[in-house]
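What follows is a set of notes on a single structure, which appears directly below.
Read-outs: derived from the displayed coordinates by stated rules, not from any lab. The shown structure was predicted, so the numbers you read here are calculated from the model rather than taken from an experiment.
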Amino acid sequence: MSIKLDQYEKEVIGIADEISYYLQKSGASPADSQDIAQDVLVKLLESDIVLPFEKLRAWLYRSAVRAYIDKYRRDKRYHEILQKEFFRPENFLIYDQEGHDELYQAVADLPEKYQQVIDLYYFQDMSVKEVAHILGTGQSWVKIILYRGRKQLRKILEERGYDYEDF
C-alpha cells in the first residue's frame, strides 16, 4: 500500500528542503541543517497547529532559525568548556626540534590568539577546520588569524635578523 502525499504535504517538504539549504548557506553543516529542518517538521506534525500555507513558510523558517541559534549556543558553550579544560597553553606541545629556538620564542612573543592558532595549525598539525572546531569559531576567522599571525611572526623574525624562509 502506498501513501500519496497531498499538495500541502509536498509543499511542506519542499519548504523543509529550502530551510536546509538556507541554513547551510548560513554556516550550518549539511547534517545539522537537515536535522534542524527535520526537527522543525516533526514539531509541526506533533503540534495541533494548522496554519494557512501563506503563514506556514514564515513559521517554519522562524522555528528553524531559532533551533539553529539554540544549537549554536549549545555548541559554543561546549567549545568553551573544551577549550578551558583541554586546550590551555600549558597543555600545548612542547617544541623539541633543534635549531628552532628562535622560531618558538618568536611564536611565544605573538599575541595569545595568534599563538594558539599557529600552535594548533603548525605544531599540532591540525587542519583549519579542526582548529575552527576546537576554538568554536569559523574557518574564515582561523584563516584570517593565521594570515595575520604569520605576518607578525615574519616581522618579529626579521627584526631579530632572521629570514622568515629559514624556518
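Give a residue-ordered list of calculated ³J(HN,Hα) values for the range 8-13 (Karplus: 6.51 cos²θ - 1.76 cosθ + 1.60, θ = phi - 60°; whole Hz; x for Gly, Pro).
Values, residue by residue: 4, 5, 4, 5, 4, 5 Hz.
Are any of the pairs Lys10/Lys76; Lys10/Lys143; Lys43/Lys143; Lys25/Lys55 more than 31 Å apart by Cα-Cα distance, and if so, which? Kindly include the intermediate steps, with their values, before the conclusion.
Working: Lys10/Lys76 35 Å; Lys10/Lys143 41 Å; Lys43/Lys143 38 Å; Lys25/Lys55 23 Å.
Lys10/Lys76; Lys10/Lys143; Lys43/Lys143, as the Cα separations exceed 31 Å there.
With θ taken as phi - 60° and the coefficients 6.51, -1.76 and 1.60, list the Karplus ³J(HN,Hα) couplings across the range 125-142 in order, rounded to whole Hz; mark glycine and proline as x.
Running phi through 6.51 cos²θ - 1.76 cosθ + 1.60 with θ = phi - 60° gives 6, 9, 7, 4, 4, 5, 4, 4, 5, 5, 7, x, 10, x, 5, 5, 4, 4 Hz.
Hey, can you grab everything whose amide H is under 5 Å from the amide H of Met126? Only 5+ residues off in sequence or another chain; H modelled, so Pro and N-termini drop out.
Correct list: Tyr121.
Would you please give the residues with an amide H less than 5 Å from that of Ala28, counting only those at least 5 places away or on a separate chain, with H modeled from the backbone geometry?
For Ala28, whose amide H was placed from the backbone, there are no distant partners under 5 Å.
With θ set to phi - 60°, apply the Karplus curve 6.51 cos²θ - 1.76 cosθ + 1.60 along the range 29-36 and write out the HN-Hα couplings as whole Hz, x wherever there is a Gly or Pro.
Each residue's phi maps through the Karplus curve to give 6, x, 5, 5, 5, 5, 4, 5 Hz.
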